[in-house]
Amino acid sequence: MALKKIVCLTIPGMAPFEFGVICEVFGIDRREHGGPIFDFHIVAAEPGPIPMKMGFDIVVHEDLSAAADADLIAVPAYLGDGSAHPEIVRVIREAEARGAWVMSVCSGAFLLGEAGILDGRRSTTHWMYTDRLSAEYPLTDVDPDVLFVEDRRVVTGAGTAAGIDAALHIVRKELGASAANVVARRMVVPPQRDGGQSQFIQTPVVECRSDSFALVTEWMLENLDQDLTVDQLARKSLMSSRTFARRFRAELGTTPTAWLNRQRLLRAQQLLEESDLSLEEIAGDCGFGGAAVMRHHFVKVLQTTPTAYRRTFGARQLA
């Protein structure tokens, strides 16, 4: 497992929530619940008081030397003006060059842009700043409508809570679904929101909110092995198919089919990690129909095969 040492960079003017997200995901010992423990460091170019965006300071004791062999460099949101400390920029460039993970949350993407590591990569940031990111760093392809983007071990997250999704994505990629689920459960957040899900979820004010989607998604999870169609789901929600599809996307930020496929993939990951079921059995239990279809989804979304995933994250291998 490569993800062991995590270094969070502190920058004057950083946002406390986004900084806290990084600390919460990577800085807590969760061994008693079967979760991961990381060698977590908070560092500064100039140790001492670091002013936060909200008008208070935190005191950082470590300098940047801890970042030299980090497996992940994490950058919180900050009030950037394109003039970051040159040693901070150096640390980010060196991390990317040696193949370490680099992650930004929200406006932290501007620091990655200043370091030049977004050039030739896809990226995102908070929807309020995507036009500015594109204008200041035209060599990156900014996607304004996703929660996070991973491009060759550089992960950029959108605003605030999307940083949780970006961080859990890295945990899942390196340590498996079970480890990410432990972290998510302790944080009381969903274990996975797909990176391609929309940042800006439109909820019509004129329509009455109900528990219909909570009920139907729970039912979908309980029946993943079934051939679930939009028409069937719409009838269960007492809506027309067209209204169901529109409102599902408006409230959950993705289509019913995409949401369902993602849940099936997550279930398959869990079964590959924790069971000895055959690939055909897992594919059937998760609703993929057959191992070939499941393999297609694994390669498309996770860039690996079910067999390779089990080899890496299976219970016997991690014991």
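Here are the numbers for this structure:
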item	result
Residues satisfying the stated conditions in segment 249-258, i.e. hydrophobic (A, V, I, L, M, F, W, C) and surrounded by 20 or more Cβ atoms within 10 Å (Cβ to Cβ)	none
Yes/no for Ala135 being free of Cβ contacts under 8 Å to residues at least 12 places away in the same chain and not β-branched (Val, Ile, Thr)	yes
Number of the condition not met by Met239 [criteria: (1) part of a loop (DSSP other than H, G, I, E, B); (2) at pLDDT 90 or above; (3) of a type outside the set (Val, Ile, Thr); (4) surrounded by fewer than 17 Cβ atoms within 10 Å (Cβ to Cβ)]	(4)
Candidate set: segment 84-102, residues that are within 17 Å of Tyr137 (Cα to Cα) and hydrophobic (A, V, I, L, M, F, W, C); chosen: the one surrounded by the fewest Cβ atoms within 10 Å (Cβ to Cβ)	Val89
Only listed residue being over 30 Å from Arg264 (Cα atoms) and either under 12 Å from the mean Cα position of the chain (by Cα) or without any contact (Cβ under 8 Å) to a residue 60 or more places away in the chain (or both), chosen from Gly163, Gly116	Gly116
Qualifying position, being open to solvent by 10 Å² or more (accessible area, probe 1.4 Å) and modelled with pLDDT under 95, among Asp63, Asp57, Asp69, Asp81	Asp81
Residues of segment 226-285 satisfying the condition of being closer than 18 Å to Leu147 by Cα and in contact with an Asp or Glu (Cβ under 6 Å, 6 or more places away or on another chain)	Arg262
Within segment 57-93, considering residues that are part of a loop (DSSP other than H, G, I, E, B) and free of Cβ contacts under 8 Å to residues at least 12 places away in the same chain, the one nearest to Val21 (Cα to Cα)	Asp81
Search result, residues across segment 268-294 that are under 19 Å from Thr229 (Cα atoms) and buried (at least 19 other Cβ atoms within 10 Å of the Cβ)	Ala283, Cys286, Gly287, Phe288, Met294
Residues of segment 124-152 that turn out to be crowded, with 18+ Cβ neighbours inside 10 Å, of a type in the set (D, E, K, R) and over 12 Å from the mean Cα position of the chain (by Cα), as a count	1
Members of segment 117-167 found to be at pLDDT 90 or above, charged (D, E, K, R) and part of a loop (DSSP other than H, G, I, E, B), listed by number	Asp119, Arg121, Asp143, Arg152, Arg153
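The values are calculated or read from the model by the stated rules, or taken from the named source; none is laboratory data. Remember, it's a predicted structure, so these values are computed and weren't measured experimentally. All Cβ positions, even for glycine, are placed from backbone atoms using ideal geometry, and neighbour counts span all protein chains on display. Only protein heavy atoms, including side chains, enter the accessible area calculation; ligands, DNA and RNA are left aside. Shrake-Rupley method; radii C 1.70, N 1.55, O 1.52, S 1.80 Å.
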